[in-house]
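The next block holds one structure in the form of structure tokens; read it before the comments.
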Amino acid sequence: MLRDILKGADPQIDAVVQTIAQASPDILVIQGFDYDMGGAALSAFADLLAQGGVNYPIQFALPPNAGLQTTLDMDGDGKTGGPRDAQGYGRFFGDGAMAILSRYPVLTSQVHDYSDLLWRDLPGAILPTKDGDPFPSFAAQQEQRLSSHGHWVVPIETPTLGTVTLMTSHATPPVFDGPEDRNGLRNQDEILFWDHFLGGVFAAPPSEKFVLLGDMNNDPDKGEGLKPAIHRLLDHPQLQDPLIGQPTAIFNGLGDMRVDYLLPSNDWRVIASGIARNPTASRHSLIWVDLER
């Protein structure tokens, strides 16, 4: 990815830059963006965006679970060392992770990263079983983290609104598994994390000026994902949904689906919102909302 960013002749990257430049958000959460320890790729991408007319002096990313290898068979195929034997799917550490670009500073000392939370430690977690035994094994479940990429709570200091808190995650697709429904169950619990967080299970949540956003990989009406968790978020009394019923991605064989979400806390006034679709950039769309107090 870094090579292609630096080369400057990749149609997909050009389309992504064009889409972001047209929307020109003050704060941008990117998902499916490779992580590297020095932030070289994110910095190079920010430089490319600056050439396209949008400047993001703040680049933020945390080490993800994507590609973080374990020594165990985590997917039950009888092998170790594969991309699905990492804490989150990844052909290499940081494969398709998350990042934030911002015009305003991140309050790094106040960031909370829940990416190392074990799946079994989520209240009410439902872990997969096969023939009555833990799947893929008891040892794997003792080590398996909940987040396939990460769960971040990131405060950002804005010049006119004070602190705005982003809550973001990227859930695993609820497919590519077997009858044990490992990915479906994990997807559901990755989404349910936020319901627990807003309920104060892990720490005191922000009381105002927050936004929950990310790729939940779950349409409330279509697809294989378990639906109670996503409905719980969409019906949450502390959240509002400016993009009700609008599809955000297109998948072969399934068509338009809503899997990406941007849910502001209910104390915001939503001025405008929309979806910018560019198939050359991604099968997922850029979703945006303008907020004020």
Revision key, fill the gap. Restricted to the stretch 33-47 and to residues being among the charged types (D, E, K, R) and within 20 Å of the chain's Cα centre (by Cα), the residue surrounded by the most Cβ atoms within 10 Å (Cβ to Cβ) is Asp34
**Study point:** Every residue from the stretch 193-209 that is at negative phi and either buried (at least 23 other Cβ atoms within 10 Å of the Cβ) or of a type in the set (D, E, K, R) (or both)
**Key:** Phe193, Trp194, Asp195, Glu208
Check your understanding: Among the strands (runs of 3 or more DSSP E) contained in the stretch 222-283, which hold 1 or more residues that are touching a Gly at 6+ places or on another chain (Cβ under 7 Å) and within 19 Å of Ile27 (Cα to Cα)?
Key -> 260-264
Point to revise | In the stretch 172-200, residue farthest from the chain's Cα centre (by Cα) [restricted to those that are farther than 17 Å from Asp121 by Cα and of a type in the set (Asp, Glu)] | key: Glu180
Exercise for review: Please indicate, with yes or no, whether at least one residue in the stretch 7-25 is among the aliphatic types (A, V, I, L, M), touching a Lys or Arg at 6+ places or on another chain (Cβ under 8 Å) and crowded, with 16+ Cβ neighbours inside 10 Å.
Suggested key: no
Exercise for review: State whether the residues of the stretch 207-224 include one that is more than 18 Å from the chain's Cα centre (by Cα) and either touching a residue at least 60 places away in the same chain (Cβ under 8 Å) or under 25 Å from Gln22 (Cα atoms) (or both).
Suggested key: yes
Practice item. Of the numbered conditions (1) surrounded by 16 or more Cβ atoms within 10 Å (Cβ to Cβ); (2) outside any strand (DSSP E or B); (3) not polar (S, T, N, Q), Ile30 fails exactly one; give the number of that condition. Key: (2)
Exercise for review: Taking the options Gly253, Gly245, Gly225, name whichever one is of a type in the set (Gly, Ala, Ser) and crowded, with 18+ Cβ neighbours inside 10 Å.
Suggested key: Gly225
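None of the figures in this text is laboratory data; all of them are computed from the coordinates on show. Everything numeric here is computed off the predicted structure, so don't read it as measured data. Every residue, glycine among them, receives a Cβ derived from its backbone with ideal geometry; neighbour counts consider all protein chains shown.
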